[in-house]
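Below is one structure, written out as structure tokens; the observations come after it.
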Amino acid sequence: MSAFNKNDLYSEKPNHFGYSGLDRAILFRDDKNWLNKLNKKRTKIVPLWNSLNLFSKLDKRLQAPKAIFPNYFDIGKHLNERHHIIFLGTSTDKVSETFFICIDFSNLSEIEVNSIFSQYGKFYDLKDVSPLIDIESGSILAYSNGINNWHKKHSFCSNCGKETSISKAGHQRNCLNKNCLLEHFPRTDPAVIMLVHHGNKTLLGRQRIWPEGMYSTLAGFVEPGETLENAVAREVFEEAGILIKNIQYHSSQPWPFPSSLMLGFYAEAKSTDIKINKNEIEDVNWFSKEEILYFSDQGKFLPRKISISRRLIDDWINK
């Protein structure tokens, strides 16, 4: 059972992908025989195929899809040594404990994977479906995507180039070269995302690759040896030429596409004259709350509601 109650961690509703409440059971991972010790009757599989997740099929009645977690007994017979099996954690209710394991079926053809899973649903991109599913399921699926993406990129040791093997129930990889034996752990890339405001206006920008008309808050990755506050100030200045002050933390959001943790902030502008860095961003502008509320009249729109950028904007407007 988890040592903490997920409902105790947040004073307000958490961001999408960040509310699974799973007990990651770190001590359980140390047991090399962990898979055989699972209660198979209470084990759910989180299947992945080519970075897609399993959902109930979308139909013409436009019913919201549901994340599908088949029972281990129904899927276990299809497993072999080629599959990555990763222990995600446990979820406990008033009655029982449920174990969640992630399994990547990408080594199967579309015909093969459909023969196994078509009775349950269909594989879709989490980023497309996530606005329609419940926040807890979305968090479990994001977790499975993030750690599976890490495994895909670390089949070989970054130190010596030799093969690595999976350990710690999928939360570590070990170099098989006896002259190296380096241990590799999942990494998350911290990225700051910030709403800069001045009076009744906020600073929004857009990247060239975004859909036409979409504007969002500024963001960027944290560099080595840099504090989060310095990263916020640097990114705003680099992209828009604006100096800021009074940086305040808002919230965070896992964004495992492929491996980021978004750290959200508010900041007050010290200067207002914009100097756009065209190498960094296509456009930056000040927008009032009223303008944002009627963005569609200007042919503009905001990011999807599942994103922390939209959460920052909405919370600021509603202050």
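Assess whether LEU195 counts as being in the same structural domain as ALA231 (by TED's automatic domain parsing), in contact with a helix residue (DSSP H, G or I) (Cβ under 6 Å, 6 or more places away or on another chain) and of a type in the set (A, V, I, L, M, F, W, C). So LEU195 passes the test.
Within the range 289-304, the set of residues being under 11 Å from TYR215 (Cβ atoms), surrounded by 14 or more Cβ atoms within 10 Å (Cβ to Cβ) and over 26 Å from the mean Cα position of the chain (by Cα) comprises GLU291, ILE292, PHE295. For the range 205-222, state whether one or more residues are touching a Pro at 6+ places or on another chain (Cβ under 7 Å), modelled with pLDDT of 95 or more, over 30 Å from PHE55 (Cβ atoms) and among the aliphatic types (A, V, I, L, M). Yes, some residue in the range 205-222 is touching a Pro at 6+ places or on another chain (Cβ under 7 Å), modelled with pLDDT of 95 or more, over 30 Å from PHE55 (Cβ atoms) and among the aliphatic types (A, V, I, L, M). Restricting attention to the range 260-287 and to residues that are farther than 15 Å from GLY213 by Cβ and touching a Ser or Thr at 6+ places or on another chain (Cβ under 8 Å), the residue that is surrounded by the fewest Cβ atoms within 10 Å (Cβ to Cβ) turns out to be LEU261. Condition (residue is closer than 19 Å to ASP134 by Cα, at pLDDT 85 or above and either of a type in the set (Phe, Trp, Tyr) or touching a Ser or Thr at 6+ places or on another chain (Cβ under 7 Å) (or both)) applied to the range 34-45: is it met by at least one residue? Yes, there is a match, as at least one residue in the range 34-45 is closer than 19 Å to ASP134 by Cα, at pLDDT 85 or above and either of a type in the set (Phe, Trp, Tyr) or touching a Ser or Thr at 6+ places or on another chain (Cβ under 7 Å) (or both).
In the range 89-104, the residues that are on the phi > 0 side of the Ramachandran plot and touching a residue at least 24 places away in the same chain (Cβ under 8 Å) form Cβ pairs under 6 Å with partners that are outside any strand (DSSP E or B) and surrounded by fewer than 22 Cβ atoms within 10 Å (Cβ to Cβ), at six or more places apart or across chains, as follows: GLY89/LEU22; GLY89/ARG24; GLY89/ALA25. Please work out which one of (1) without any contact (Cβ under 8 Å) to a residue 24 or more places away in the chain; (2) under 26 Å from the mean Cα position of the chain (by Cα); (3) within 21 Å of SER137 (Cβ to Cβ) is the condition LEU27 fails and give its number. With respect to (1) without any contact (Cβ under 8 Å) to a residue 24 or more places away in the chain; (2) under 26 Å from the mean Cα position of the chain (by Cα); (3) within 21 Å of SER137 (Cβ to Cβ), LEU27 is out only on (3).
Screening the range 197-258 for strands (runs of 3 or more DSSP E) wholly inside it with 2 or more residues that are of a type outside the set (D, E, K, R) and more than 18 Å from LYS289 (Cβ to Cβ) returns the ranges 218-221, 244-255.
The condition of being in a loop (DSSP other than H, G, I, E, B), touching a Pro at 6+ places or on another chain (Cβ under 6 Å) and closer than 27 Å to LEU261 by Cα holds for only one of PHE17, PHE69, that being PHE17. Just to verify a result, which residue in the range 80-111, among those that are farther than 14 Å from GLY170 by Cβ and in contact with a helix residue (DSSP H, G or I) (Cβ under 9 Å, 6 or more places away or on another chain), is surrounded by the fewest Cβ atoms within 10 Å (Cβ to Cβ)? By that ranking, first place goes to SER96.
The values are calculated or read from the model by the stated rules, or taken from the named source; none is laboratory data. Note that this is a predicted model, so its numbers are computed, not measured. Because the Cβ atoms are built from the backbone with ideal geometry, glycine has one as well, and the counts that use them run over all protein chains shown.
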